[in-house]
1. Do we find that B:R29 is under 14 Å from A:P46 (Cα atoms), basic (K, R) and surrounded by 13 or more Cβ atoms within 10 Å (Cβ to Cβ) in this structure?
2. Scan region A:8-57 for residues that are more than 23 Å from B:R36 (Cβ to Cβ), assigned to a strand (DSSP E or B) and over 12 Å from the mean Cα position of the chain (by Cα) and jot them down.
3. Inspect all residues belonging to region B:4-11 and state whether any of them is more than 10 Å from chain A (Cβ to nearest Cβ), more than 10 Å from the chain's Cα centre (by Cα) and either among the acidic types (D, E) or farther than 19 Å from A:A58 by Cα (or both).
4. Checking B:R48 against (1) at pLDDT below 95; (2) surrounded by fewer than 16 Cβ atoms within 10 Å (Cβ to Cβ); (3) of a type in the set (D, E, K, R), which single condition isn't satisfied?
5. Any chance region A:54-65 includes a residue that's out of contact with any helix residue (DSSP H, G or I) (no Cβ under 7 Å at 6 or more places or on another chain), more than 19 Å from B:T11 (Cβ to Cβ) and modelled with pLDDT under 80?
6. For B:Q74, only one of the following conditions fails: (1) part of a loop (DSSP other than H, G, I, E, B); (2) in contact with a Gly (Cβ under 7 Å, 6 or more places away or on another chain). What is its number?
Amino acid sequence: MPVFRQVNRALAVILKQADTTMFATCFYVVADVERAQLRFANVGHPSALHIQHGNGAAHKLQGNGPPDRPWEFSPPPVMSRQAVR
Amino acid sequence: MKKGDRVMLFTDGLFEVEDAAGTLFTEDRLHTTVTRYAGLPAQEFFDRVINDVRQFSERKSFDDDVCVVGMEVQHTG
């Protein structure tokens, strides 16, 4: 089962039982050192920064797509993902 | 990604900090701070960034909980 679906289901159980408003965010990163790629999914976090060696330029890691599964939360969180080379 | 590149993950508590006049540090100001210290070694870089935000705050501390995760590419391939 995809990681985010598992996390979502586990969190939904907790949040439904909570008697107060709770906030949860998640940033999931897969670092592929062989291909020098970073794949990530961002759920409710500020954009991460990619800081380039040498010139020191910093760029926001911004996603390029919505989640592919419906969320059990209401309203659904915004999720995005992108591969960075 | 290339050798020496860094990735910085952080919660909004890192930049949602107010000074004595009620001015927010903001994500844009954090971006500027990160760029300023980008040439420093990783540990010093993160220490300087976090310290700048703390110094901006009226109480010299963070108003919200903060989580910062930094990664640096050591090698590729």
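1. On the way: under 14 Å from A:P46 (Cα atoms): yes; basic (K, R): yes; surrounded by 13 or more Cβ atoms within 10 Å (Cβ to Cβ): yes.
Taking the combined requirement at face value, the residue satisfies it.
2. Within region A:8-57, A:A31, A:D32, A:Q37, A:L38 meet the criteria.
3. The answer is no, given that none of the residues of region B:4-11 is more than 10 Å from chain A (Cβ to nearest Cβ), more than 10 Å from the chain's Cα centre (by Cα) and either among the acidic types (D, E) or farther than 19 Å from A:A58 by Cα (or both).
4. Only one criterion is unmet by B:R48, namely (1).
5. Yes, there is a match, as at least one residue in region A:54-65 is out of contact with any helix residue (DSSP H, G or I) (no Cβ under 7 Å at 6 or more places or on another chain), more than 19 Å from B:T11 (Cβ to Cβ) and modelled with pLDDT under 80.
6. (2)
The values are calculated or read from the model by the stated rules, or taken from the named source; none is laboratory data. From a predicted model like this one, the values you see are computed outputs, not experimental measurements. Every residue, glycine as well, gets a Cβ built from its backbone with ideal geometry; the counts of neighbours run over all protein chains shown.
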